[in-house]
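The structure under discussion appears below in the form of structure tokens.
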Amino acid sequence: MSPPWKATPTEYRTFEYEKGHNVSRSIRTQAVGPEQVCFPLAAQAARLLRQTEGRKDENICLITSAEPPKLDA
């Protein structure tokens, strides 16, 4: 079960040119509780989307015990 993803103040996006390809990375964070993600001490979850020209998009999910004020996007 995934936490509800909605717009938050901690969103960030970068654009770079790497090894002959355009690369876009965007991250969105969301405060969560351990019971929402079934992970002890979880305080925040993030979804990282990496888009590289000529490749399939990559979605990466992250979980941390760091509170949102201590670790934003």
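The values are calculated or read from the model by the stated rules, or taken from the named source; none is laboratory data. For clarity, every value in this text was computed on a predicted model and none was experimentally measured. Cβ: placed from backbone, ideal geometry, glycine included. Neighbour counts: every protein chain shown.
Is it the case that R13 is at pLDDT 90 or above, of a type outside the set (A, V, I, L, M), touching a Ser or Thr at 6+ places or on another chain (Cβ under 7 Å) and part of a strand (DSSP E or B)? In short, yes.
Which members of region 48-69 meet the condition of being part of a loop (DSSP other than H, G, I, E, B) and touching a strand residue (DSSP E or B) at 6+ places or on another chain (Cβ under 9 Å)? Working first, answer last.
Of region 48-69, the ones part of a loop (DSSP other than H, G, I, E, B) are 53-57, 65-69.
Residues satisfying the conditions are E53, G54, R55, D57, S65, A66, E67, P68.
Could you check region 53-73 and list, in sequence order, the residues that are closer than 13 Å to S26 by Cβ and either exposed (fewer than 11 other Cβ atoms within 10 Å of the Cβ) or more than 10 Å from the chain's Cα centre (by Cα) (or both)? Of everything in region 53-73, those that are closer than 13 Å to S26 by Cβ and either exposed (fewer than 11 other Cβ atoms within 10 Å of the Cβ) or more than 10 Å from the chain's Cα centre (by Cα) (or both) turn out to be D57, E58, N59. Within region 14-52, being under 12 Å from the mean Cα position of the chain (by Cα) and free of Cβ contacts under 8 Å to residues at least 40 places away in the same chain holds for R25, S26, Q30, A31, Q44, A46, L48, L49, R50.
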